[in-house]
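First the structure, in the form of structure tokens, and then the observations on it.
The values are calculated or read from the model by the stated rules, or taken from the named source; none is laboratory data. Note that the structure is predicted; figures quoted are calculated from it, not measured. Glycine also receives a Cβ, built like all others from the backbone with ideal geometry; neighbour counts cover every protein chain displayed. What goes into the accessible areas is simple: the full protein's heavy atoms, side chains included, and nothing from ligands, DNA or RNA. Shrake-Rupley method; radii C 1.70, N 1.55, O 1.52, S 1.80 Å.
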Amino acid sequence: MLAGLLIAMHDADDRPAMLTATLPFGGMTLIEYQARLLVAAGASQIVIVVARLTPELLGAINRIGRRGIAVDTVRTAAEAAEKLHPLARVLMLADGLTTTEETIAALAQGGGDALLVMPQDAAQTGYERVGGGMVWAGVARLEARRVAELAALPRDYDLQSTLIRLAEQAQAVHMLLPAGAIRGGHALGHSGQALEARGRRVLTAMVSGRSGWFERFVVTPIARATIPMLVPRGVSAPAVAAGGAVVGLIALVLTYLSHPIAGLLLAMAGTVGLLVASALADLRDDPGMARGLKVGASVLPALAVLTYGHDETVLARDGVPLVLAIGLILVAALGERAVGPAPRKGWWGSAPAYLVPVWLGALVDAPLVALIAGCVYAVATAFAAIERLRREP
């Protein structure tokens, strides 16, 4: 059994009377993001140590509970020990910590006490020393009995720091923080301004993922700007997806009615809306919806290209545009299959990226050039992906 232990006691450095745990982070509060990481790692219970229950914290705890996980709030180590199963593996995240799913997953595996550490000379102030020239990097895997041991000590001991000391005395394994974790947003601190910057990095990583340049340079900035406004207002992923779908439907109608410049541009906009909705669903732990919306974000560009090819075939009374459109869709699908789950190269195409050369060709009223350019781009991407597969062992 894996349980999570979160700390919500420290006040933000630059926002008086506000807990660090309730500061905004990537469209939610920090403690909600930490809970999301624990749920993704397989935690079935979360215990939150609090000093006071503020309205913001109560709201965050209520939202965490909607994820279908048991959430308990405690004030002392004794109360925490009562809530935790004696045989549970406990993942403790430091108050004010931001990190990535990959980092948490590494600690979630195995049993026994383990501390995530980093070299002291590479750490900023605020990190606890654990010996050997290392500092604790904010994540610990503990046996539940460590919490029981702490409960037997005087109550004036700092819960977080003392648990780390107890784990050290029990010869906890030191696991070095991965080199790329800091670039992905791993940090520890209580500044609201710094947390906002880290939230943007983490959200960028979540939205970009293994995607290509279109997602990085078009979708990600839009998601970073809109998601932090959508989440506090309770806007759901289906609502955003519905908006994207409506824009996509208008795009198809315009393209069918021989207005390809506006139609293909709106198709790109609708695809962006579906991808933002997918990121929002991912933030709210709905992987099924997130996957479905990503599929929709691939289908809409394909329908737009097919509609454009059909319309140009009807206007020119020549089947070449439609054949090129079908060819582009088939090659793009082959490329997607070849790419698989691996990260894309920077220039590789994706479903919405193939719309860009097609739209540029439509802009200069050169439909054959537009569709041929899209086909060439798709072929180059598919060939590069297949070549990578061939070279892999």
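Taken over the range 1-37, the criterion of being hydrophobic (A, V, I, L, M, F, W, C) and part of a helix (DSSP H, G or I) is satisfied by A21, L30, I31, A35, L37.
Out of the range 230-273, which residues are surrounded by fewer than 20 Cβ atoms within 10 Å (Cβ to Cβ), under 26 Å from D286 (Cβ atoms) and in contact with a Phe, Trp or Tyr (Cβ under 8 Å, 6 or more places away or on another chain)? Answer for the range 230-273, where residues must be surrounded by fewer than 20 Cβ atoms within 10 Å (Cβ to Cβ), under 26 Å from D286 (Cβ atoms) and in contact with a Phe, Trp or Tyr (Cβ under 8 Å, 6 or more places away or on another chain): there is none.
Looking across G192, G111, one residue alone is modelled with pLDDT under 85, surrounded by fewer than 13 Cβ atoms within 10 Å (Cβ to Cβ) and small (G, A, S). It is G111.
How many residues are assigned to a helix (DSSP H, G or I) and free of Cβ contacts under 8 Å to residues at least 24 places away in the same chain if we restrict to the range 247-268?
The qualifying residues number 6.
Quick check, is G59 part of a helix (DSSP H, G or I) and either of a type outside the set (K, R) or farther than 30 Å from A179 by Cβ (or both)? So G59 passes the test. Number of residues in the range 195-219 that are among the hydroxyl-bearing types (S, T, Y) and either modelled with pLDDT of 85 or more or within 24 Å of V135 (Cα to Cα) (or both) equals 0.
Number of residues in the range 381-393 that are in a helix (DSSP H, G or I) and free of Cβ contacts under 8 Å to residues at least 24 places away in the same chain equals 4. Residues in the range 296-327 that are assigned to a helix (DSSP H, G or I) and more than 17 Å from L252 (Cα to Cα): A316, V320, V323, L324, G327. Condition check: hydrophobic (A, V, I, L, M, F, W, C), open to solvent by 40 Å² or more (accessible area, probe 1.4 Å), at pLDDT 90 or above and within 20 Å of I227 (Cβ to Cβ). Does A277 satisfy that? So A277 fails the test. Across the range 171-186, the qualifying residues are those that are assigned to a loop (DSSP other than H, G, I, E, B) and more than 13 Å from M118 (Cβ to Cβ), and the one among them that is modelled with the lowest pLDDT is G184. Of T307, T381, T313, all but one fail to be out of contact with any Lys or Arg (no Cβ under 7 Å at 6 or more places or on another chain) and open to solvent by less than 20 Å² (accessible area, probe 1.4 Å); the exception is T381. Checking each residue in the range 152-166 for being within 25 Å of G110 (Cα to Cα) and of a type in the set (A, V, I, L, M, F, W, C) picks out L159, L163, I164, L166. Close Cβ contacts (under 6 Å, 6 or more residues apart or on different chains) running from residues in the range 337-361 that are within 16 Å of A325 (Cβ to Cβ) and part of a loop (DSSP other than H, G, I, E, B) to residues that are of a type in the set (S, T, Y) and open to solvent by less than 20 Å² (accessible area, probe 1.4 Å) comprise G349/T381. Taken together, the criteria place A140 among residues that are over 30 Å from W347 (Cα atoms) and either at pLDDT 85 or above or of a type in the set (V, I, T) (or both).
If you check L330, L334 for being assigned to a helix (DSSP H, G or I), at pLDDT 90 or above and more than 27 Å from the chain's Cα centre (by Cα), only one passes: L330.
When L150 is tested against (1) touching a Ser or Thr at 6+ places or on another chain (Cβ under 7 Å); (2) at pLDDT below 90, only condition (2) is not met.
Out of the residues in the range 76-101 meeting the condition of being farther than 22 Å from E128 by Cβ and open to solvent by 40 Å² or more (accessible area, probe 1.4 Å), tell me which one is modelled with the lowest pLDDT. Ranking the candidates gives E101 first. Applying the criterion of being assigned to a strand (DSSP E or B) and in contact with a helix residue (DSSP H, G or I) (Cβ under 7 Å, 6 or more places away or on another chain) to the residues of the range 132-170, the residue that is surrounded by the fewest Cβ atoms within 10 Å (Cβ to Cβ) is M134.
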